[in-house]
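What follows is a single structure, written as structure tokens, with notes after it.
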Amino acid sequence: MTFKHLFSRALEAAPSRLHFAAHSHHLWPDASYAGQIAAWEEAAMLADHKWDKIFGEVIPEAQRHIARELSLPDPATIAFSPNTHDFLVRIVSAMPMDRPRVLASDCEFHSFRRQSLRWAEAGRIALTTVPLERLVEEAETGAYDLIFASQVQFNSGRVLPGIERLAALARPEGPWVVIDGYHGFMATPTDLSAVADRVFYLAGGYKYAMAGEGVCFLHAPAGYGPRPEVTGWYAAFDDLAARQGGVGYAPDGRRFLGSTFDPSGLYRFNAVQRMLKAEGLDTAAISAHCEKLKARFLAVDPLPQLAMLSEPQARFIALQGPAAPALYESLTARNVVTDLRGDVLRIGFGLYQNEADVDALLAMLRT
């Protein structure tokens with residue numbers, strides 16, 4: 001089965017390209033183009049009043065899509081930002097202690113890794129990192145105020161075990177649990193209904209949600225961080241016309257909002273979500289399509305010189321070995337898009353690929 005017709009613009013833009021990096025920069029479906037145009041047209045028509053439409057219709061629709069995807073009981077716990085780094089900064093600023101003790105895995109994405117290392121260097125936090133398989137056990141020692149971990153690790157595809165055990169530790173006064181879902185959201189079916197009242201969850205549209213940059217979100221459980229110190233004026237958007245005095249906050253997820261942002265990503269996200277619903281495609285169906293492609297690729301063991309790192313739940317395979325950089329460069333020179341993290345070659349699968357694409361990649365690797 002093929003879904004290429006849903007991505008005709010992106011595929012026709014580079015017809016000779018073999019794109020196997022859906023985990024890195026997912027190609028945009030045609031629906032996202034329609035969403036981008038709608039953002040421009042409504043801004044032109046509504047001008048200053050566009051924010052009434054965005055906060056009154058566009059954001060609530062996006063919240064509903066995400067709440068349905070994650071089985072969240074209340075869409076109002078969701079806030080949006082151009083990137084997840086914004087949310088990381090606001091979460092730490094909202095913590096009730098001066099120098100929080102932070103526990104994380106030793107393979108978190110660069111936005112967290114860089115910021116947490118700098119905070120630790122400056123004495124803003126006390127940072128401990130451990131291998132993913134030790135994270136839950138270490139968290140249960142009770143020695144930490146903030147526990148941060150990826151649902152699926154970006155470099156290896158390893159999946160976080162024990163989210164429920166981490167959630168059981170969480171308290172409004174600390175510790176807090178933050179799950180980075182960027183490689184899990186819409187890559188694997190995720191049900192947060194049992195832990196939604198105790199864990200933060202952040203992700204975005206750049207990967208498997210197929211909506212591009214600038215549309216990241218945070219689910220913030222009620223009672224956790226009611227007054228982030230790092231805050232923007234949209235965190236009290238409803239009160240802008242009221243008499244000013246003190247620093248007020250929205251009572252729901254909007255308390256983690258920042259300031260003026262480009263809303264076009266939200267339009268793209270909503271348009272893609274509507275397209276998926278019209279096509280009868282949910283995360284399970286998309287994952288099944290990608291798993292067939294991945295199985296076809298792995299059936300012939302095309303790269304025996306590289307060791308497999310990723311787990312079956314990941315939408316990409318991670319292959320490690322000293323030959324990975326040269327192989328990546330060789331593929332790039334032949335207009336085959338993968339990506340490289342150190343000595344790990346990542347090959348990702350997406351809805352816009354079919355069996356013929358996999359066969360073409362295999363033929364390329366044989367040379």
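For region 1-147, what number results from the quotient of the Cα radius of gyration and 2.2 N^0.38 Å?
That ratio works out to 1.42.
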Practice problem: Work from the charge dipole of the chain (Cβ charges, +1 for Lys and Arg, -1 for Asp and Glu, about the Cα centre) and give the residue of ASN83, HIS19, PHE200 farthest towards its positive end. | Solution: HIS19
Exercise. Quote the charge dipole size of region 32-276 about the Cα centre in Debye, to the nearest 20; the model charges only the Cβ of Lys and Arg (+1) and of Asp and Glu (-1).
Key: 220 debye
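Largest first and in whole Å, what are the equivalent-ellipsoid semi-axes of region 29-69 based on the Cα gyration tensor, each being the root of 5 times an eigenvalue?
Numbers: eigenvalues 79, 51, 3 Å².
Taking √(5λ) for each eigenvalue gives 20, 16, 4 Å, largest first.
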Quiz item: Arranged from highest to lowest average of other beta-carbon atoms within 10 Å per residue, in what order do the peptides 322-328, 76-82 appear?
Solution: 76-82, 322-328
Self-check item: Computed [θ] at 222 nm, helices only, for the chain once each DSSP H run of length n ≥ 4 contributes -39500 (n - 2.57)
Solution: -10500 deg cm²/dmol
Self-check item: Debye-sum result for region 32-276 in log10 I(q)/I(0), which assumes one identical scatterer on each alpha carbon, at q = 0.09 Å⁻¹
Solution: -0.38
Exercise. Let me know the charge dipole size of region 131-284 about its Cα centre in debye, to the nearest 20, where only the beta-carbon of Lys, Arg (+1) and Asp, Glu (-1) is charged.
Key: 320 debye
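Using only the alpha carbons of region 108-162, what is the convex hull's orientation-averaged projected area in square nanometres?
Over every viewing direction, the Cα hull of region 108-162 projects on average to 3.9 nm².
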Quiz item: Among the helices of the chain (complete DSSP H runs), which have Cα atoms covering no less than 20 Å along the helix axis and a Kyte-Doolittle mean of at least 0.0?
Solution: 30-46, 283-298
Quiz item: For the chain, what is the percent of antiparallel DSSP beta bridges, rounded to the nearest 5?
Solution: 50 percent
Exercise. Enumerate by residue number the GluC sites (Glu not before Pro) in region 138-205 meeting two conditions: DSSP loop (anything except H, G, I, E, B), and at most 13 other Cβ atoms within 10 Å of the site's Cβ.
Key: GLU173
Self-check item: DSSP beta bridges in region 173-233 [antiparallel fraction, %, rounded to 5]
Solution: 50 percent
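Given a cut-off of under 8 Å on Cα pairs at least six residues apart, what relative contact order in percent is computed for region 32-276?
Values: 443 pairs, mean separation 68.8, N = 245.
The value is 28 percent.
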Practice problem: Quickly rank 45-53, 206-214 as a protection proxy: mean count of other C-beta atoms within 10 Å, highest first. | Solution: 206-214, 45-53
Practice problem: Based solely on C-alpha atoms, express the radius of gyration and the Dmax of region 119-246 in angstrom. | Solution: 16.6, 52
Quiz item: Can you pull the percent of Cα pairs in region 233-367 with separation above 26 Å?
Solution: 48 percent
Quiz item: Among LEU127, ILE54, LEU340, which residue has its Cα positioned farthest towards the positive end of the charge dipole of the chain, with +1 placed on the Cβ of Lys and Arg, -1 on the Cβ of Asp and Glu, and the dipole taken about the Cα centre?
Solution: LEU340
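Every read-out reported here was derived from the displayed coordinates using simple, explicitly stated rules and does not represent laboratory data. Model, not experiment: these values are computed from the prediction. Heads up, the Cβs are rebuilt from the backbone with ideal geometry, glycines too, and the neighbour counts pull from every protein chain shown.
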